[in-house]
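The values are calculated or read from the model by the stated rules, or taken from the named source; none is laboratory data. All values reported here derive from a predicted model rather than from experimental measurement. Neighbour counts run over all protein chains shown; Cβ positions are idealised from the backbone, glycine included. Areas reflect the complete protein model, heavy atoms only, side chains present, ligands, DNA and RNA absent. Shrake-Rupley method; radii C 1.70, N 1.55, O 1.52, S 1.80 Å.
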Amino acid sequence: MRKLIVLSFISLDGVMQAPGGPEEDRTGGFKYGGWMFGYSDDFLLKVMVKQMGKPFDLLLGRKTYEIFAAYWPKVNTSENPFATRINNAKKYVVSRTLTKLDWNNSQLIEGDVWNEIKKIKEQDGPEIQVHGSGNLIQMLLKYDLVDELWLKVFPITLGVGKRLFAEGTIPSGFKLLESELSPSGVIIASYECAGEVETGSFGLDAPSEAELARRKRLKEKR
């Protein structure tokens, strides 16, 4: 079974919209595009090179696919460590409106999307990475198709914007696999899904009947 891994840049309050630039995604009048720029450093670059260093396929929503397709084919592959890997990767695209994909090695997922993604996971091949694609991630979580979350949490709050865990997120437990802290204060944390949410209580247990009887006897002796 191939792993499906979500890679996300998020703010402290969970916003994942347009981390890379002002024009990346202005949906809803979002005006903070490019918010991760001031925190990027060589440490974070090395993390991304490591996480994208092995072979991978991509699973993308329509908006992220269009952003990537307009950008990565134009990048100088000799100057950017990610360009060749992303351009050559197999791209699976989930969209209700796209009918033709011009970016090389791209395939539109049609029909019963979630069963098709399950079938793709069952095929031989490299891990499947999801970048951006906020709405798609919500559905992947809902259908229990996400195996791991590789998050970069930036020391900034935005207040508005699309969130990684939006309303309707399915409750789930996660296990921390590894974590690091960049010099600029970015928390790099990777998690794997660990089943249902476990609950409990720190409240004092109600005394047993025997304990109540003991207290009564002590009180009567006073």
Residue tally, condition part of a strand (DSSP E or B) and small (Gly, Ala, Ser), over the range 187-206
2
Filtered residues of the range 51-85 (kept if of a type in the set (Asp, Glu) and modelled with pLDDT under 95)
66, 79
Cβ-Cβ under 6 Å pairs, at least 6 apart or on other chains, the range 32-47 side assigned to a loop (DSSP other than H, G, I, E, B), far side of a type in the set (Asp, Glu) and open to solvent by less than 80 Å² (accessible area, probe 1.4 Å)
33/24
Would you check if there is a residue in the range 188-202 being over 25 Å from residue 1 (Cβ atoms), open to solvent by 50 Å² or more (accessible area, probe 1.4 Å) and modelled with pLDDT of 95 or more?
no
Select from the range 164-186 the residues that are in contact with an Asp or Glu (Cβ under 8 Å, 6 or more places away or on another chain) and part of a strand (DSSP E or B) and write down the one among them that is farthest from residue 139 (Cα to Cα).
177
Cβ-Cβ distance below 6 Å, separation of 6 or more or different chains: which pairs start in the range 56-73 with a residue that is under 13 Å from residue 136 (Cβ atoms) and end on one that is among the aliphatic types (A, V, I, L, M)?
58/89; 59/128; 59/130; 60/93; 61/94; 61/136; 62/98; 65/93
Could you grab me the full set of residues in the range 11-30 that are open to solvent by 70 Å² or more (accessible area, probe 1.4 Å) and over 19 Å from the mean Cα position of the chain (by Cα)?
22, 23, 26, 27, 28
Could you tell me whether residue 142 is at pLDDT below 90 and either of a type in the set (D, E, K, R) or surrounded by fewer than 19 Cβ atoms within 10 Å (Cβ to Cβ) (or both)?
yes
Looking only at the range 86-108, filter to residues that are at pLDDT 95 or above and within 20 Å of the chain's Cα centre (by Cα); which one of those is farthest from residue 49 (Cα to Cα)?
94
Counting just the residues of the range 56-83 that are surrounded by 15 or more Cβ atoms within 10 Å (Cβ to Cβ) and acidic (Asp, Glu), which one comes out nearest to residue 19 (Cα to Cα)?
66
